[in-house]
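The values are calculated or read from the model by the stated rules, or taken from the named source; none is laboratory data. In this text the structure is predicted, and so the values were computed from the model without any measurement. Cβ placement follows ideal geometry from the backbone for every residue including glycine, while neighbour counts extend to all protein chains displayed. Remember, those area values only see protein heavy atoms, side chains included, never the ligands or the DNA or RNA. Shrake-Rupley method; radii C 1.70, N 1.55, O 1.52, S 1.80 Å.
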Amino acid sequence: MKKIALTFASALLIVFASCKDAKKSEESKSVEATSEATEMFSLVQDSTKVSFTAYKTTDKVPVGGMFKKINFTKTNSGATAMEALNGTEFSIPVSSLFTNDPTGTRDPKLLEFFFGVLKDTELISGIFKVDGDQGSIDVTLNGETQNIPLAYEMNGDDKITFTGTMDLANWNAMDAVASINKACEILHTGKDGVSKTWSEVAVKAEVLLTK
């Protein structure tokens, strides 16, 4: 009888130990699942790149450039990359303009004869918006705020490239367009003898997020 009792007690201990280990395992899995479920995306601020393409001559010859600095005044986090970007506010110092012009004359001309003609010449500011799976930015330039719809391409789940087109006429910036065209009249003259600076500007932003 003693042997049977000991055997029974040992069996009970094994069962209780197994149940305890199983419970610990389930709790551990539950914690891991909760941790995975609560992982949030946030913007890697110093990784963002903003560039643009303007156009000259009637042949619409592209002229590329970028801004080396972008300041984020409000950032968010979210369960998805797009959710994290929604409501992000930024400002771009126009002094960080860079067009990689080997002559060193293009950037000073743009700063003086284009941005210098606009109101509030120091900054371009904006707010990123998400509506469903569509993105756009409200851009404030020349004292005007207008929206630019954006197309986007995902590279993995943490990098997004946005592209869009702005027409400077929507920001009442045609005086600035005329000013830079006059300052660069010869350079913006094509084979047809016509000098032209387009009001259309393509914009691009590359954004990296982290969990």
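Using the structure shown, decide if N170 is open to solvent by 80 Å² or more (accessible area, probe 1.4 Å) and touching a strand residue (DSSP E or B) at 6+ places or on another chain (Cβ under 9 Å).
yes
Looking at G78, is it surrounded by fewer than 18 Cβ atoms within 10 Å (Cβ to Cβ), at pLDDT below 95 and either under 21 Å from E200 (Cα atoms) or among the small types (G, A, S) (or both)?
yes
Could you list, in sequence order, the residues of segment 157-169 that are closer than 18 Å to G116 by Cα and out of contact with any Leu (no Cβ under 9 Å at 6 or more places or on another chain)?
Answer for segment 157-169, where residues must be closer than 18 Å to G116 by Cα and out of contact with any Leu (no Cβ under 9 Å at 6 or more places or on another chain): just A169.
Failed condition for K191, given (1) open to solvent by less than 50 Å² (accessible area, probe 1.4 Å); (2) over 15 Å from the mean Cα position of the chain (by Cα); (3) touching a residue at least 60 places away in the same chain (Cβ under 8 Å), with all others met?
Only one criterion in (1) open to solvent by less than 50 Å² (accessible area, probe 1.4 Å); (2) over 15 Å from the mean Cα position of the chain (by Cα); (3) touching a residue at least 60 places away in the same chain (Cβ under 8 Å) is unmet by K191, namely (1).
Taking segment 173-188, which residues are touching a residue at least 24 places away in the same chain (Cβ under 8 Å), aliphatic (A, V, I, L, M) and open to solvent by 40 Å² or more (accessible area, probe 1.4 Å)?
M174, L187
Name, by its number, the condition in (1) modelled with pLDDT under 95; (2) aliphatic (A, V, I, L, M); (3) assigned to a helix (DSSP H, G or I) that does not hold for L111.
(1)
When both residues are 6+ apart or on different chains and their Cβ atoms are under 6 Å apart, which pairs have a first residue that lies in segment 72-87 and is of a type in the set (K, R), and a second that is in a strand (DSSP E or B)?
Correct list of pairs: K74/E89.
Let me spell it out: the conditions are (1) touching a helix residue (DSSP H, G or I) at 6+ places or on another chain (Cβ under 9 Å); (2) surrounded by fewer than 16 Cβ atoms within 10 Å (Cβ to Cβ), and K119 meets all of them except one. Which number is the exception?
Only one criterion is unmet by K119, namely (1).
Could you figure out which of (1) touching a Ser or Thr at 6+ places or on another chain (Cβ under 8 Å); (2) open to solvent by 20 Å² or more (accessible area, probe 1.4 Å); (3) closer than 20 Å to T48 by Cβ; (4) not polar (S, T, N, Q) isn't true of D107?
All conditions are met except number (3).
Do we find a residue being at pLDDT 95 or above and under 17 Å from W171 (Cβ atoms) anywhere in segment 67-74?
Yes, some residue in segment 67-74 is at pLDDT 95 or above and under 17 Å from W171 (Cβ atoms).
For segment 180-199: of the residues being part of a loop (DSSP other than H, G, I, E, B) and of a type in the set (A, V, I, L, M, F, W, C), which is nearest to D167 (Cα to Cα)?
Checked segment 180-199; the qualifying residue nearest to D167 (Cα to Cα) is W198.
Six or more apart or on different chains, Cβ atoms under 8 Å: show the pairs whose first residue is in segment 130-151 and among the acidic types (D, E) and whose second is outside any strand (DSSP E or B) and modelled with pLDDT under 95.
D133/M82
Scan segment 158-180 residue by residue and report those that are more than 14 Å from the chain's Cα centre (by Cα) and either modelled with pLDDT under 95 or under 18 Å from E206 (Cβ atoms) (or both).
The answer is T165, M166.
Is it the case that some residue within segment 97-104 is at pLDDT 95 or above, over 23 Å from L187 (Cα atoms) and β-branched (V, I, T)?
No, the conditions are met nowhere in segment 97-104.
Can you confirm whether S125 is part of a helix (DSSP H, G or I) and more than 25 Å from D158 (Cβ to Cβ)?
So S125 fails the test.
Filter segment 132-152 down to the residues that are charged (D, E, K, R) and more than 15 Å from A84 (Cβ to Cβ), then identify the one that is least open to solvent (accessible area, probe 1.4 Å).
Out of the qualifying residues, it is D138.
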